[in-house]
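Chemist: I am attaching a structure below and will ask some questions about it afterwards.
Please treat every number below as a calculation from the coordinates, not as lab data. On a predicted model such as this, the values are computed, not experimentally measured, just so you know. Cβ coordinates were reconstructed from backbone atoms using ideal geometry, including for glycine residues, and neighbour counts include every protein chain displayed.
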Amino acid sequence: MSATATQRVVVVGASDKPDRFAHKALTLLSHYRHEVVPVHPCLKEIKGMAVVADLSDITGVVDTVTMYVGPAISADLADKLIFLKPRRVIYNPGAENARLATKLEAAGISTEDACTLVLLHTRQF
């Protein structure tokens, strides 16, 4: 899918710190006019976007989930991600989780180890 096609993108591990890659992803996803759903257990708002505390708080269709949390956190997200049924889950560098990817793939959810920022910049998102 090209960067010009609008998607609903969930960012797990969203950050309000501009130096973090998760924050840069929020900014670039918004720039490309994707609907961004930031997920963080403690934050309420980032860059004017409402933040949800948990994946279970999300309703509706989700095209992509982009992960910015490591395996220690994402290990417990399998059931919530399977229930959410995104088209794909992207594991950004440092967020790779082979065990979770296997569970998601078995449930029909595509996964990839990639960098959301690179995918957006190269129009491969």
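Chemist: Filter region 77-118 down to the residues that are part of a loop (DSSP other than H, G, I, E, B) and of a type in the set (Lys, Arg), then identify the one that is surrounded by the fewest Cβ atoms within 10 Å (Cβ to Cβ).
Modeler: Keep residues of region 77-118 that are part of a loop (DSSP other than H, G, I, E, B), which gives 85-87, 92-97, 107-109, 114-115.
Next cut, of a type in the set (Lys, Arg) only: 85, 87.
On the way: LYS85: 11, ARG87: 15.
In this case the residue turns out to be LYS85.
Chemist: Residues of region 99-125 being touching a strand residue (DSSP E or B) at 6+ places or on another chain (Cβ under 7 Å) and under 14 Å from HIS31 (Cα atoms), which ones? So that I can check it myself, show each step before the final result.
Modeler: At the first step, the residues of region 99-125 found to be touching a strand residue (DSSP E or B) at 6+ places or on another chain (Cβ under 7 Å) are 101, 104-105, 109-114, 116.
Within region 99-125, THR116 is the sole residue that qualifies.
Condition check ((1) crowded, with 17+ Cβ neighbours inside 10 Å; (2) in a loop (DSSP other than H, G, I, E, B); (3) small (Gly, Ala, Ser); (4) touching a residue at least 60 places away in the same chain (Cβ under 8 Å)) across all residues:
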{"residue": "ALA5", "(1), (2), (3), (4)": "no, yes, yes, no"}
{"residue": "ASP19", "(1), (2), (3), (4)": "no, yes, no, no"}
{"residue": "LEU26", "(1), (2), (3), (4)": "yes, no, no, no"}
{"residue": "LEU29", "(1), (2), (3), (4)": "yes, no, no, yes"}
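Chemist: Could you run through region 45-76 and say how many residues are in a helix (DSSP H, G or I) and surrounded by fewer than 19 Cβ atoms within 10 Å (Cβ to Cβ)?
Modeler: Pass one, region 45-76, residues in a helix (DSSP H, G or I): 55-57, 71-76.
With surrounded by fewer than 19 Cβ atoms within 10 Å (Cβ to Cβ) added as a condition, the list becomes 56-57, 71-73, 75-76.
Residues meeting the conditions: 7.
Chemist: Going by what's in this entry, would VAL37 be described as under 13 Å from the mean Cα position of the chain (by Cα) and in a loop (DSSP other than H, G, I, E, B)? So that I can check it myself, show each step before the final result.
Modeler: Values: under 13 Å from the mean Cα position of the chain (by Cα): yes; in a loop (DSSP other than H, G, I, E, B): no.
In short, no.
Chemist: Could you tell me whether any residue of region 36-44 is surrounded by fewer than 22 Cβ atoms within 10 Å (Cβ to Cβ) and either among the basic types (Lys, Arg) or on the phi > 0 side of the Ramachandran plot (or both)?
Modeler: The answer is yes; a qualifying residue exists.
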